[in-house]
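**Q** Structure in structure tokens, see below.
The values are calculated or read from the model by the stated rules, or taken from the named source; none is laboratory data. Remember, it's a predicted structure, so these values are computed and weren't measured experimentally. FYI the Cβ positions are ideal-geometry reconstructions off the backbone, even for glycines, and counts take in every protein chain you see.
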Amino acid sequence: MANTKRYWTGLDDLHQTEAFQTLQGQEFPQHEAVDEMLGNENLTSATTGRRDFLKFMGFSLAAATLAACETPVVKSIPYVNKPEGLTPGVANHYASTYYNGHDYVNVLVKTREGRPIFIKSNTATGVGRANVRVNASVMGLYDSARLQGPHLGGAGSTWADLDKEVAKGFAGGGRKVVLTNTVLSPSLKRSIDTFCATHGAEHLQVDAVSHSALRMAAKQHTGVDGFPGFDFAAAKAVVTVGADFLGTWGDAVYYAPEWAKSRRPENGEMSKLHAFETTMSLTGSNADSRTMVKPSESGRVLAALHGIVTGTGNVSGLSEGIANAVRAAAADLKNAGSAGLVVAGSNDLDAQLVAAAINTALGADGTTVKYNGEGLFAGDDAAFAQLVSDMNAGRVSALIVHGTNPAYHAADKESFRAGLGKVKFSLSTAGLADETASRCIAMAPDHHWLENWMDLRIGGTRIDLSQPTIQPLFDTRAAGESFMAWSGQPMAWYDVIRTTHSAGYTTDAMYNDSAWNGSLHDGFYMTGEEMPVSAPALGNDVSASVRRLSAAKGGAFELALYQKQAIGSGDQAGNPMLQETPDPISKVTWDNYVTMARVDMEAMGLNTYIAQRDKASVVKVTVNGQSVELPAFMQPGQTPGTVGIALGYGRGDGGENIGRAAFATGEHGDHLLTADGKPMPIGANVFGFATLNGGVPRYDAYDVSVEATGLEYALAATQIHNTVMDRDSVVKETTFGSYLAEASKPKGQASWNKNHTLNVHADVNGDGVINASDGKKTSAFDLWHSHPVEGVGHRWGMTIDLTTCTGCSACVTACHIENNVPVVGKDEVRRHRDMHWMRIDRYYASDWSQERGAEEGVGVIASYTKMEDPSANPQTVHMPMMCQHCNHAPCETVCPVAATTHSNEGLNQMTYNRCIGTRYCANNCPYKVRRFNWFNYQGYAKFQHINPSQDSLTRLVLNPDVTVRARGVIEKCSMCVQRIQDGKLEAKKNGTPVVDGAIKTACAEACPTNAITFGDLNDNASEVKTNSKNNRSYHALEEVGIQPNIYYMTKVRNTEINEA
Amino acid sequence: MQREAAIREPLILGHKTYKDITDDVVGPIMGPAPLGWKIMITISSIIALYGVGCILYLLGTGIGVWGLNKTVDWAWDITNFVWWVGIGHAGTLISAVLLLFRQKWRMAINRSAEAMTIFAVIMAAVFPGIHMGRIWVSYWVLPLPNQFGSLWVNFNSPLLWDVFAISTYFSVSLVFWYIGLIPDFATIRDRMTKPLAKKIYGILSFGWSGRAKHWTRFEEVSLVLAGIATPLVFSVHSIVSMDFATSVIPGWHTTIFPPYFVSGAVFSGFAMVQTLLLIMRKGMKLENYIHVKHVEYMNIVIIVTGSIVGVAYLTELFISWYSGVEYESYAFINRFSGPYSWAYWMMMTCNVISPQLFWFKKIRRSLVATFALSIVVNIGMWFERYVIIVTSLHRDYLPSSWGEFHATSIDIGIFIGTIGIFLTLFLAFARFFPVLALNELKTILKSSGESYKKEQAQ
């Protein structure tokens, strides 16, 4: 038979052997059974040769070795039953409210897989924006120093035992007191009241940083007890005398965004801000006119303002410079009339009464000032002083401290501490064993606010809700629940809140089921009541106050105490992110210092220049016999003859366990120790320096002594150079007048924002001659092919309005948390190795310029040296700076391995796992925004106490959407690419284009004044596109030709003079 | 036979025979190690080990052990790199360029100059390696086929050009050096009596038998390699300079850099050759082969290149003013008046003023002065790179980011360590390798040897 088959399965097939044909005939051929083969007798009788033995042994050894090399098993437990509404990888947001006794703001809490990891403003209320302290407070939830259960007598206990002790403690006679911060929760108030009623106790409130003078003044002025409401959005002329209302004074989280609303030059009008202050504050740095006054003079400033505004007096006892500034301020106030506003920062009744009188005289009551009884800052300092003396006299038998830490922030903390020791039963509900709690007999830790229910109301027509975003991590109990339990009415805290309505504490319907869920979703409930009308002034005579203010006398040196933006009153001292956030003014991190004027420092021979190896001189400041030694810091704008010291430092002076980051660390990351072997606090506690007036602390002192000690101390600042050195393409600024004069000119033409052009040898402008006026924009020159981003797909970009940026640094912490930016500690910051992706550059104006040098015949080189010094009272610019996402990025071309590249959406993207760490990109970045991982921050001992990722609990705060970068790679702002991706996916799922505003970077979202706008530059309708076309927009360092995707908008000051 | 004008100074002093030359060069290799050598190599190896220790600490802990920061991301690392690469320029220039120009005086110095080149380039290569944040993935700079997708290197990056430039230069220099060594190794092999050493030198000499055919090929290969190496002498430092010149940083972004760097490199290379040879000729009694004339020739090269460097410095200053760019002019004003002006004036003094002293014949022909000035020039050239890198970076565009750089003990330790490694290698070379190109020297003995020239004159 002819075999025409071309392919064979084998030789058997080719030759068509008999066996093959047999097999082919069977559909299921019977193969030789395995057991038959194994049953081969030869196998069992075979001996294992030496070589085989060695092979087997070698294999076994290798296998065993390899098995031992297994990487550690990390167990992750999948959801067996997926919880409703929770998808791994998808974030959930919960509306909540932050209140710590000072900052009060509606927030949204972002949770991932049940972990709260990010806090942002809940803008649905339309008022108040989370600040730097609120943003960063999420870290506190994961603080491993938190109390993990009730304690009695310093040892762990149970809630049952603790409850019995409380019952015993409150059984006796004597004063029994519940001491809290200002309680704004109706339900908490109810449970405290219930407790007080049960045990015959009394409820006292005290604030960490007292604002009680303002409340007392409001009560005297109008008869209404409550914190006045200030409407900065409605004000056209604002005069602040020492009130840092953009930073830390009063309800700053509410004021700052409101004030910024009045600062949009495009509206054709801008409010004007006059600041009279001692130490350069955030508000002062944003003022249109800033005047340096001593604390003792600030009263005279108010008196003079009062005199001019009411026409009853004139400027007296003030130097000519201050007097002129007062006259100018008074004139602006009078022009503004009812849209004028005076705020005084001094916690002094006279000052507040006079300020209130000025506002009334202006007719501002009811417009910019409203007296409708808000509940903020209800602390009663006189009652607290009485309590302390009673405690020391042994008259107090039982004390519960909730939400406050007087052993730290009381002006006379030593007598409080001594008194606490004499109280028979003391209890603290603090979450940490802080200065007060660790001195109490019992500790009944409250939930962290992210674990807790709360209803809050400051007045008005809104009630806010806090809701738990995670199961309590530890065996803690809501304080309200504790109070109910101790009242003998045990009740779940949630039920307490839900029954508060029926208990008659509120008059609205929020607490019924139908309204509750919606309110919980929104985070607040509008009661629908009428907004209370501002109470009219009673028309008291304030002439006595004016007299007293005018009579104030100061000594050789005066002291102003202030709060730093990030540290505030010190309640979050253990938060490494806040400690590392540079102070918006001084740019110093991790430290407390004495701010001083250059002239005073030079007179005392102190170091005025702080840098890596240039240490600060330590000075001794003595007030009323108490003294502290702190480094002196040259602060431009500090009134000569005064010093300023920040409150909020010196936490944990007894080595209390308030978080590892609250203590000073050395060069190797170990805690520095005090002489008695306790961890050394950062800075010094200066609450005691406040001047007490009937128990009310006024945070300044008129006569202090400052002496040099000859010691030196290293400070760590993220910016050591203060001025912009005449460089006009970094920050552009103008006055409101010049802005208006050229407001209609097209972009690039106005004198305050001229395009940068390069001369070319061609007749560009068509005037027939080729001369210096023939120039082309830098973007016309191109070495590389442009990335096809214009008009194709998305092109992400950002605009930053320097006019409304206050430098508050909320964006800095938001970025820090969102992007898992490492915390590196003081020693590394001192070495200029801070890792912030987002920083705020702060430039002071200098008296000197090359122009002035030419006029005065000073050489170029000498002029440059003179320009390094800021003026004594400089104008200030805050310039947020992050990766500019250049379309012609210098970093991209120099990376040898293409680890940083341009996305087709205009992003400059960093591929961490491709980076080999040559740092060439960082060198070639004109903005110096690239950050290198100098160490393994997640494991190196130097960062053991401060880096969140080195603590197994704290690391839960890390954002799972963002890689934690390894040692040796470069990192930088990604424009929150994870959020862009998320937003794009969301849009894709919905089948719609990405809506403008749907994606926001962490910084843009956090910006309280909406200075930062993020969006798609290819979307012609987007806000960012509109802003980028605004004639105030420019690129920083435009002439380098790198074509950034970030636009800055020229700063407009409402002033006549432009210094920088 | 070649003849040379009688008035030319002889290149080999005294009365030497071919055998004398062989004895003078091979003798030290055959004999026991002298005490001085033992002391020197002990000291240099200790320094080398310290450097290795510092490098290991760096690799184990992170780049943070250096003094670098967010503003100054390169300092001693790249300064040392450029410095060593610069030093590595003299050898190839001497052996290749001078070969093409038929400069016979090179024969006495080319061997050790090339050895120095090889070792200097090795030291230079250490720094780009260890300065990487993740040295374990340093092979990613090579355009290797890989499994990371279509991931390729970035051919726009001057750092990548560096990789190619340095590796090419190193391989060509090494081959060139080795080819020259082959006949000399054969000579040692023929003399060697110790069996193991004989075997090793036998392998190293590649079966050289000294036949006319071998010599022809040797000459041809040398010429070809010289042709290849000559452009490399100019390309390597041009490309290194482009690391800076192609950037946007004021003080770096300068088109003058390639010629300026090349002349600077030759300048420092010759200075280092002087430093090493002046010691070696004394220690190994080679005064007859490397004498004042050689030193003078090299000093002339130093004057020329030093003057080019000086002109380049002044041109930079002029252009920074003439350009009218405020960042550029500030960068240069800051160089000579800012916080690092001490480094600038150190550089100016060492590099611009000191080589001008060689215009004086007395100084030019003084061995002591030459030795001192060669060290001064090397210090100056180190500061030149330091000035370019650190002072340009520490104050660039945004005053907010202006910072400082302070070296740590590890910065210093690694630099000193590489000098130790370099000296150890060079001492090993001096002990085991023919330090003079002895077979080449023999070709000029009869024409340029002192006694022979006298004979001819008579």
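**Q** Quick test of your reading of the structure: B:ILE416 fulfils all but one of (1) touching a Ser or Thr at 6+ places or on another chain (Cβ under 8 Å); (2) within 30 Å of A:LYS615 (Cβ to Cβ); (3) more than 14 Å from chain A (Cβ to nearest Cβ). Name the failing condition by number.
**A** (1)
**Q** Select the strands (runs of 3 or more DSSP E) contained entirely in the stretch A:836-933, then report the ones holding at least 3 residues which are more than 9 Å from chain B (Cβ to nearest Cβ).
**A** Where strands (runs of 3 or more DSSP E) fall fully within the stretch A:836-933 and carry at least 3 residues being more than 9 Å from chain B (Cβ to nearest Cβ), they are A:876-881, A:908-910.
**Q** Can A:MET139 be described as buried (at least 22 other Cβ atoms within 10 Å of the Cβ) and assigned to a helix (DSSP H, G or I)?
**A** Values: buried (at least 22 other Cβ atoms within 10 Å of the Cβ): yes; assigned to a helix (DSSP H, G or I): yes.
The answer is yes for A:MET139.
**Q** Is it the case, given these coordinates, that A:ARG290 is surrounded by fewer than 24 Cβ atoms within 10 Å (Cβ to Cβ) and either over 24 Å from A:PRO582 (Cα atoms) or not polar (S, T, N, Q) (or both)?
**A** Working: surrounded by fewer than 24 Cβ atoms within 10 Å (Cβ to Cβ): no; either over 24 Å from A:PRO582 (Cα atoms) or not polar (S, T, N, Q) (or both): yes.
Considered against the rule, which asks whether it is surrounded by fewer than 24 Cβ atoms within 10 Å (Cβ to Cβ) and either over 24 Å from A:PRO582 (Cα atoms) or not polar (S, T, N, Q) (or both), A:ARG290 comes out as no.
**Q** At the interface with another protein chain (Cβ under 7 Å from one of its Cβ atoms) and either in contact (Cβ under 8 Å) with a residue 40 or more places away in the chain or basic (Lys, Arg) (or both): is that true of A:PRO948 in this structure?
**A** On the way: at the interface with another protein chain (Cβ under 7 Å from one of its Cβ atoms): no; either in contact (Cβ under 8 Å) with a residue 40 or more places away in the chain or basic (Lys, Arg) (or both): yes.
When the stated conditions are applied, A:PRO948 does not pass them.
**Q** Quick check on A:VAL821: is it part of a helix (DSSP H, G or I) and either surrounded by fewer than 22 Cβ atoms within 10 Å (Cβ to Cβ) or aliphatic (A, V, I, L, M) (or both)?
**A** Details: part of a helix (DSSP H, G or I): no; either surrounded by fewer than 22 Cβ atoms within 10 Å (Cβ to Cβ) or aliphatic (A, V, I, L, M) (or both): yes.
So A:VAL821 fails the test.
Residues are listed down the side, and each one gets a yes or a no for (1) crowded, with 23+ Cβ neighbours inside 10 Å; (2) of a type outside the set (D, E, K, R); (3) within 13 Å of another protein chain (Cβ to nearest Cβ):
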site: B:LEU99; (1), (2), (3): yes, yes, no
site: B:LYS104; (1), (2), (3): no, no, no
site: B:ALA108; (1), (2), (3): yes, yes, no
site: B:PHE119; (1), (2), (3): yes, yes, no
site: B:ALA124; (1), (2), (3): yes, yes, no
site: B:TYR139; (1), (2), (3): no, yes, yes
site: B:LEU142; (1), (2), (3): no, yes, yes
site: B:GLY149; (1), (2), (3): no, yes, yes
site: B:ASN156; (1), (2), (3): no, yes, yes
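**Q** In the stretch B:315-369, what count of residues is obtained for those that are within 14 Å of chain A (Cβ to nearest Cβ), surrounded by 14 or more Cβ atoms within 10 Å (Cβ to Cβ) and of a type in the set (Ser, Thr, Tyr)?
**A** 8
**Q** While we're looking at this one, here's another question. Tell me the residue from A:MET216, A:MET270 that is touching a residue at least 12 places away in the same chain (Cβ under 8 Å), in a helix (DSSP H, G or I) and surrounded by fewer than 24 Cβ atoms within 10 Å (Cβ to Cβ), please. Before the answer, list the steps.
**A** Numbers: A:MET270 fails: in a helix (DSSP H, G or I).
None of the others qualify; the one that does is A:MET216.
**Q** I need the full set of residues from the stretch B:397-455 which are within 30 Å of A:HIS832 (Cβ to Cβ) and over 28 Å from the mean Cα position of the chain (by Cα), in order please.
**A** As a first pass, look at the stretch B:397-455 and keep what is within 30 Å of A:HIS832 (Cβ to Cβ): B:397-419.
Across the stretch B:397-455, the qualifying residues are B:TYR397, B:LEU398, B:PRO399, B:SER400, B:SER401, B:TRP402, B:GLY403, B:GLU404.
**Q** Out of the residues in the stretch B:128-137 meeting the condition of being farther than 14 Å from A:ALA898 by Cα and β-branched (Val, Ile, Thr), tell me which one is farthest from the other protein chains (Cβ to nearest Cβ).
**A** We begin by selecting, within the stretch B:128-137, every residue farther than 14 Å from A:ALA898 by Cα; these are B:128-136.
Okay, now just the ones that are also β-branched (Val, Ile, Thr), so B:130, B:135.
Values: B:ILE130: 11, B:ILE135: 8 Å.
Ranking the qualifying residues of the stretch B:128-137, first place goes to B:ILE130.
**Q** Hey, another quick one. Of the residues in the stretch B:189-221, how many are under 26 Å from the mean Cα position of the chain (by Cα) and outside any loop (DSSP other than H, G, I, E, B)? Talk me through it step by step, then tell me what you get.
**A** Start the filter on the stretch B:189-221 by keeping residues that are under 26 Å from the mean Cα position of the chain (by Cα), which leaves B:204-205, B:218-221.
This time we only want the ones that are outside any loop (DSSP other than H, G, I, E, B), so: B:204, B:218-221.
Looking only at that region, the number is 5.
**Q** Additional query: Please tell me if B:MET192 is at pLDDT below 90, surrounded by 16 or more Cβ atoms within 10 Å (Cβ to Cβ) and of a type outside the set (Phe, Trp, Tyr).
**A** On the way: at pLDDT below 90: yes; surrounded by 16 or more Cβ atoms within 10 Å (Cβ to Cβ): yes; of a type outside the set (Phe, Trp, Tyr): yes.
Taking the combined requirement at face value, the residue satisfies it.
**Q** B:ALA186 - would you say it is in a helix (DSSP H, G or I), touching a residue at least 12 places away in the same chain (Cβ under 8 Å) and of a type in the set (Gly, Ala, Ser)? I'd like the intermediate steps shown before the answer.
**A** On the way: in a helix (DSSP H, G or I): yes; touching a residue at least 12 places away in the same chain (Cβ under 8 Å): yes; of a type in the set (Gly, Ala, Ser): yes.
Considered against the rule, which asks whether it is in a helix (DSSP H, G or I), touching a residue at least 12 places away in the same chain (Cβ under 8 Å) and of a type in the set (Gly, Ala, Ser), B:ALA186 comes out as yes.
**Q** Regarding the stretch A:587-605, can at least one residue be identified that is free of Cβ contacts under 8 Å to residues at least 12 places away in the same chain and over 17 Å from the mean Cα position of the chain (by Cα)? Spell out how you get there, then give the answer.
**A** Residues of the stretch A:587-605 that are free of Cβ contacts under 8 Å to residues at least 12 places away in the same chain, as a first pass: A:602-603.
This time we only want the ones that are over 17 Å from the mean Cα position of the chain (by Cα), so: A:602-603.
There is at least one residue in the stretch A:587-605 that is free of Cβ contacts under 8 Å to residues at least 12 places away in the same chain and over 17 Å from the mean Cα position of the chain (by Cα).
**Q** Right, here's the next one. Taking A:ALA616, is it in contact (Cβ under 8 Å) with a residue 40 or more places away in the chain and either β-branched (Val, Ile, Thr) or buried (at least 23 other Cβ atoms within 10 Å of the Cβ) (or both)? Steps first, please.
**A** On the way: in contact (Cβ under 8 Å) with a residue 40 or more places away in the chain: yes; either β-branched (Val, Ile, Thr) or buried (at least 23 other Cβ atoms within 10 Å of the Cβ) (or both): yes.
Yes; evaluated as a whole, the condition is true for this residue.
**Q** Moving to a separate point now. If you go through the stretch A:739-762, how many residues are within 34 Å of the chain's Cα centre (by Cα) and among the polar types (S, T, N, Q)?
**A** Number of matching residues: 1.
**Q** Mind checking which residues of the stretch A:428-476 are part of a loop (DSSP other than H, G, I, E, B) and among the basic types (Lys, Arg)?
**A** Answer for the stretch A:428-476, where residues must be part of a loop (DSSP other than H, G, I, E, B) and among the basic types (Lys, Arg): just A:ARG457.
**Q** Just to be sure, is B:ILE179 crowded, with 19+ Cβ neighbours inside 10 Å and either free of Cβ contacts under 8 Å to residues at least 12 places away in the same chain or closer than 24 Å to B:LEU425 by Cα (or both)? I'd like the intermediate steps shown before the answer.
**A** On the way: crowded, with 19+ Cβ neighbours inside 10 Å: no; either free of Cβ contacts under 8 Å to residues at least 12 places away in the same chain or closer than 24 Å to B:LEU425 by Cα (or both): yes.
Here the answer is no, as B:ILE179 does not meet what is asked.
**Q** Right, another one. For residues that are within 21 Å of the chain's Cα centre (by Cα) and either surrounded by fewer than 23 Cβ atoms within 10 Å (Cβ to Cβ) or within 14 Å of chain A (Cβ to nearest Cβ) (or both), tally how many sit in the stretch B:53-81. Don't jump to the end; show me each part of the working.
**A** So the first thing to find is which residues in the stretch B:53-81 are within 21 Å of the chain's Cα centre (by Cα), and the list is B:75-81.
Narrowing further to those that are either surrounded by fewer than 23 Cβ atoms within 10 Å (Cβ to Cβ) or within 14 Å of chain A (Cβ to nearest Cβ) (or both): B:75-79, B:81.
Going through the stretch B:53-81 one residue at a time, the tally reaches 6.
**Q** Let me ask something else about it. What residue, among those in the stretch A:717-767 that are in contact with a Phe, Trp or Tyr (Cβ under 8 Å, 6 or more places away or on another chain) and not in a loop (DSSP other than H, G, I, E, B), is nearest to the other protein chains (Cβ to nearest Cβ)?
**A** Among them, the one singled out is A:THR723.
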